[in-house]
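A short write-up of the structure that comes next.
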Amino acid sequence: MKRLVFFFGGGKAEGNAQMRDILGGKGANLAEMTNLGIPVPPGFTISTEVCRYYWSEGRYPRELEEQVEDALRKVEAIMGRRFGDPRRPLLFSVRSGAPISMPGMMDTILNLGLNDETVEGLAAETGDPRFAYDCYRRFVAMYGDVVLGLKPEERDELDPFEAILDEMKEKRGVRYDYELSAEDLKELVGLYKDEIRRRLGLESTRPQGPALGGHRCRLPFLEQPKGHSLQEVERYSRRSGNRGECPDHGFREYGTGFGHRRGLHPQPRHR
């Protein structure tokens with residue numbers, strides 16, 4: 001079976017810095033740092049070959065799901081957490097990349113693994129419900145924008161989730177996100193889901209599959225308008241492909257993304 005998913009963590013990596021064409025820049029560097037003994041949080045990279053296969057065949061390789069599940073189990077073993085566990089949830093960030101640098105052109109999903117049950121576990125573990133629901137509402141917005149295609153395509157078009165957030169702040173008489181309470185953020189999650197259901201005619205907003213919902217959003221990236229724009233600017237060849245990376249990092253051992261950049265302070269000074 002051809003390897004499509006490359007694990008890194010626990011001081012070992014299935015890759016190195018010379019594998020940029022397969023792992024992309026971020027994936028190759030994460031693998032190299034892991035091999036050097038730098039304490040990189042565990043994760044896995046879906047290779048650029050999957051992207052090329054998707055463009056050619058219009059579907060994903062049959063063996064991909066099994067390999068993603070295998071890598072997921074390895075991350076769980078190192079972290080001592082389970083994906084979907086309502087008490088000690090394992091959260092991922094899903095980041096995209098390519099063999100060449102494309103700053104500002106790649107989408108990201110943070111906090112993959114949060115849902116109505118796991119958010120309560122995160123709140124209990126951290127002792128901070130506001131923190132947990134802030135992470136959750138950001139995840140729903142990113143998932144809606146990136147995976148479900150609700151991100152505005154025109155510059156003058158307002159993001160639907162930003163519009164709902166602004167309306168909430170206006171109703172509460174506040175200016176900044178951090179002035180909203182845990183209950184306000186919990187209500188926002190519901191409003192975001194309602195908007196997704198309304199726009200897409202969905203009965204449920206729960207992602208399908210334990211991990212595939214996250215990596216499916218990465219592969220059609222270059223089919224999106226900004227992907228084609230980048231190709232025109234850099235004459236980027238589709239033969240190179242792009243790849244998805246699913247590291248568990250940030251919030252120390254709790255989750256992903258915003259905690260990685262801001263720490264665990266419950267009231268960031270800006271959005």
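The values are calculated or read from the model by the stated rules, or taken from the named source; none is laboratory data. This one's a predicted model, so the numbers in the text were calculated from it and none came from an experiment. Every residue, glycine as well, gets a Cβ built from its backbone with ideal geometry; the counts of neighbours run over all protein chains shown.
Exactly one of (1) out of contact with any Gly (no Cβ under 6 Å at 6 or more places or on another chain); (2) surrounded by 15 or more Cβ atoms within 10 Å (Cβ to Cβ) is unmet by Gly25. Its number?
(1)
So, restricting to helices (runs of 4 or more DSSP H) that lie completely within segment 15-95, which ones have at least 2 residues that are within 16 Å of the chain's Cα centre (by Cα) and either closer than 26 Å to Met142 by Cβ or of a type in the set (Gly, Ala, Ser) (or both)?
Filter on segment 15-95 gives 20-35, 64-79.
Return the residue satisfying two criteria in turn: it lies in segment 33-51 and is surrounded by fewer than 20 Cβ atoms within 10 Å (Cβ to Cβ) and either in contact with a Gly (Cβ under 7 Å, 6 or more places away or on another chain) or of a type in the set (Asp, Glu) (or both), and of such residues it is farthest from Phe6 (Cα to Cα). Even if it seems obvious, please write down each step before you answer.
Of all residues in segment 33-51, those surrounded by fewer than 20 Cβ atoms within 10 Å (Cβ to Cβ) come to 33, 35-39, 49.
If we keep only those that are either in contact with a Gly (Cβ under 7 Å, 6 or more places away or on another chain) or of a type in the set (Asp, Glu) (or both) too, we end up with 37, 49.
Numbers: Gly37: 17, Glu49: 12 Å.
Looking at the filtered set, the residue picked out is Gly37.
Out of the residues in segment 22-67 that are polar (S, T, N, Q) and out of contact with any strand residue (DSSP E or B) (no Cβ under 7 Å at 6 or more places or on another chain), state the one that is modelled with the highest pLDDT.
At the first step, the residues of segment 22-67 found to be polar (S, T, N, Q) are 29, 34-35, 45, 47-48, 56, 67.
Now narrow it down to the ones that are out of contact with any strand residue (DSSP E or B) (no Cβ under 7 Å at 6 or more places or on another chain): 29, 56.
On the way: Asn29: 92, Ser56: 87.
Going through the qualifying residues, I end up with Asn29.
Within 16 Å of the chain's Cα centre (by Cα) and loosely packed, with under 15 Cβ neighbours inside 10 Å: is that true of Gly149 in this structure?
yes
For Ala132, indicate whether it is buried (at least 22 other Cβ atoms within 10 Å of the Cβ), aliphatic (A, V, I, L, M) and within 21 Å of Pro89 (Cα to Cα).
Numbers: buried (at least 22 other Cβ atoms within 10 Å of the Cβ): yes; aliphatic (A, V, I, L, M): yes; within 21 Å of Pro89 (Cα to Cα): yes.
In short, yes.
Might you check whether a residue that is without any contact (Cβ under 8 Å) to a residue 24 or more places away in the chain and either within 30 Å of Thr126 (Cα to Cα) or hydrophobic (A, V, I, L, M, F, W, C) (or both) occurs anywhere in segment 27-34? Steps first, answer last, please.
First, pick out the residues of segment 27-34 that are without any contact (Cβ under 8 Å) to a residue 24 or more places away in the chain: 28-29, 32-33.
When the remaining residues are screened for being either within 30 Å of Thr126 (Cα to Cα) or hydrophobic (A, V, I, L, M, F, W, C) (or both), the result is 28, 33.
There is at least one residue in segment 27-34 that is without any contact (Cβ under 8 Å) to a residue 24 or more places away in the chain and either within 30 Å of Thr126 (Cα to Cα) or hydrophobic (A, V, I, L, M, F, W, C) (or both).
Would you check if Val5 is under 20 Å from the mean Cα position of the chain (by Cα) and either within 26 Å of Gly121 (Cα to Cα) or hydroxyl-bearing (Ser, Thr, Tyr) (or both)? Explain how you work it out, then say what you get.
Working: under 20 Å from the mean Cα position of the chain (by Cα): yes; either within 26 Å of Gly121 (Cα to Cα) or hydroxyl-bearing (Ser, Thr, Tyr) (or both): no.
Criteria not met by Val5.
Can you tell me which residue among Leu180, Leu158 is of a type in the set (A, V, I, L, M, F, W, C) and free of Cβ contacts under 8 Å to residues at least 12 places away in the same chain? Talk me through it step by step, then tell me what you get.
Numbers: Leu180 fails: free of Cβ contacts under 8 Å to residues at least 12 places away in the same chain.
Step by step, each of Leu180, Leu158 is checked, and only Leu158 is of a type in the set (A, V, I, L, M, F, W, C) and free of Cβ contacts under 8 Å to residues at least 12 places away in the same chain.
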